[in-house]
Amino acid sequence: MSDINSMLKNKIAEAENVIFSYLPKVEGYQKTCLDAMEYSVHSPGKRIRPILMMETYRMFGGKGKVIEPFMTALECIHSYSLVHDDLPAMDNDDYRRGQLTTHKKYGESMGILAGDALLNYAYEVAASAFELVLQDGEDENGANPYNVAKAMQILGKKAGIYGMVGGQVVDVENEGKPIDLETLDFIYSLKTGALLECAMMIGAVLADASEKDVMIMEQIASKVGIAFQIQDDILDITSTTEVLGKPVGSDEKNRKETYAAKVGIENAQKEVEQLTNEAITLLDGLNYNNEFLRALLIWMIHREK
Ligand code: GRG
């Protein structure tokens, strides 16, 4: 475990180097919003999504820079979702990642605008990948405009109404209501799973993996996403504010019936193990191998924050 922890620390630094270098400069009349965007992305997250993307790309033999704008885009989308999720109209949280939430630091209007700007910037930066492949032509990794276009489509779909936003819609509509396991599964698959699917599918597509392998990556990420969300529910009940860097008991506060609360912590933990084992079996069945990626998927279910 300590090995994966130190490897993960290096991967986080690597991902942050890429992401931070693509962020817009904090200058000009709209400086306050740019500052709020930077504050939101720079705050200490685990960078799971860009790391999953980068490592999937590498597993399928990707070596180029075309992955970088997409790693940045996905982290910008993830950051915007957290900024908007913390707003008074949503979860109304004051702390995230051990520091003030963006709207608490910059005000509610700027919180909304910084989230909007991050979402738009994500597509602006992702589209810059076309320039990379058009300049260099098709490289030995198969990065070509067709694959970049496919990656853009995946980004839009998995972040939008058929992905993360769609999951959030059903989540919000069901607050305070009894919810069946099928609906919970739909929410978890979209709200949390979709961005992980996005990460692993884009990594595979940009490395020119076969359609079948891209589909397998989607299935792996979907299982990991649901397990990740159940683990999030468990931590919301069993962890502390100090460890999580955000308030615990927030699901109960927001009258959200979670999987862990519904079936009990022990059963929820079993489900997390089961889903992760299924994901690892699928990963091991591929003709490609990335030991770090495999270890990371296992780490994600044992994480403490
Ligand atoms: C507001 C459109 C909109 C969507 C919000 C993603 C989301 C939907 C809400 C955020 C809150 C939440 C519990 C989401 C579920 C996914 C999840 C566990 C997010 C936290 O991801 P981590 O653990 O966070 O990767 P860090 O801080 O490490 O980046």
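When region 212-236 is examined, which residues are found to be more than 14 Å from the chain's Cα centre (by Cα), over 14 Å from Asn277 (Cβ atoms) and away from the ligand (no atom under 15 Å from the Cβ)?
Lys212, Asp213, Val214, Met215, Ile216, Met217
Between a first residue in region 222-249 that is farther than 24 Å from Cys198 by Cα and free of Cβ contacts under 8 Å to residues at least 40 places away in the same chain and a second residue that is more than 10 Å from the ligand (Cβ to nearest atom) and hydroxyl-bearing (Ser, Thr, Tyr), which pairs have beta carbons less than 6 Å apart while being 6 or more apart in sequence or on different chains?
What qualifies is Val248/Ser239; Val248/Thr241.
Quickly run through region 16-36 and pick out the residues that are over 17 Å from the mean Cα position of the chain (by Cα) and among the hydrophobic types (A, V, I, L, M, F, W, C). Outline the logic, then answer.
Residues of region 16-36 over 17 Å from the mean Cα position of the chain (by Cα): 17, 21-36.
Residues satisfying the conditions are Leu23, Val26, Cys33, Leu34, Ala36.
Report, ordered by the first and then the second residue, all pairs with beta carbons closer than 7 Å, sequence separation of six or more or different chains, a first member in region 157-176 that is of a type in the set (D, E, K, R), and a second member that is surrounded by fewer than 16 Cβ atoms within 10 Å (Cβ to Cβ).
These pairs meet every condition: Glu175/Asn254; Glu175/Arg255.
Can you list the helices (runs of 4 or more DSSP H) found entirely within region 81-194 that contain at least 1 residues being within 21 Å of Pro50 (Cβ to Cβ) and not hydroxyl-bearing (Ser, Thr, Tyr)?
Details: elements: 102-106, 108-136, 145-159, 164-173, 181-188.
Helices (runs of 4 or more DSSP H) meeting the threshold: 108-136, 145-159, 164-173.
Within region 50-92, work out how many residues are touching a residue at least 40 places away in the same chain (Cβ under 8 Å), within 21 Å of Val243 (Cα to Cα) and of a type in the set (D, E, K, R).
Residues in region 50-92 being touching a residue at least 40 places away in the same chain (Cβ under 8 Å), within 21 Å of Val243 (Cα to Cα) and of a type in the set (D, E, K, R): 2 in total.
Of all residues in region 21-49, count the ones that are assigned to a loop (DSSP other than H, G, I, E, B), under 25 Å from Thr192 (Cα atoms) and of a type in the set (A, V, I, L, M). First the steps, then the outcome.
Restricting attention to region 21-49, the residues satisfying the condition of being assigned to a loop (DSSP other than H, G, I, E, B) are 23-30, 43-47.
Now narrow it down to the ones that are under 25 Å from Thr192 (Cα atoms): 23, 43-47.
Of the ones still in play, those that are also of a type in the set (A, V, I, L, M) are 23.
Final tally of qualifying residues: 1.
Please indicate, with yes or no, whether at least one residue in region 259-274 is within 14 Å of the ligand (Cβ to nearest atom), β-branched (Val, Ile, Thr) and either assigned to a helix (DSSP H, G or I) or free of Cβ contacts under 8 Å to residues at least 40 places away in the same chain (or both).
Checked region 259-274: at least one residue is within 14 Å of the ligand (Cβ to nearest atom), β-branched (Val, Ile, Thr) and either assigned to a helix (DSSP H, G or I) or free of Cβ contacts under 8 Å to residues at least 40 places away in the same chain (or both).
Checking the structure you have, find out if any residue of region 63-84 is farther than 23 Å from Gly160 by Cβ and among the acidic types (Asp, Glu). Explain how you work it out, then say what you get.
Kept after step one, since they are farther than 23 Å from Gly160 by Cβ, are these residues of region 63-84: 63-65.
So of that shortlist, the ones also among the acidic types (Asp, Glu) come out as none.
Taking every residue of region 63-84 in turn, none turns out to be farther than 23 Å from Gly160 by Cβ and among the acidic types (Asp, Glu).
Any residue at all in region 75-94 that is aliphatic (A, V, I, L, M), away from the ligand (no atom under 12 Å from the Cβ) and within 19 Å of the chain's Cα centre (by Cα)?
At the first step, the residues of region 75-94 found to be aliphatic (A, V, I, L, M) are 77, 82-83, 87, 89-90.
With the extra rule that they be away from the ligand (no atom under 12 Å from the Cβ), the set shrinks to none.
Within region 75-94 (the criterion being aliphatic (A, V, I, L, M), away from the ligand (no atom under 12 Å from the Cβ) and within 19 Å of the chain's Cα centre (by Cα)), the answer is no, since none of the residues qualifies.
A short reminder: the numbers here are calculations on the coordinates, not readings from a lab. Given the structure is predicted, the values throughout are model-derived calculations rather than measurements. Cβ coordinates were reconstructed from backbone atoms using ideal geometry, including for glycine residues, and neighbour counts include every protein chain displayed.
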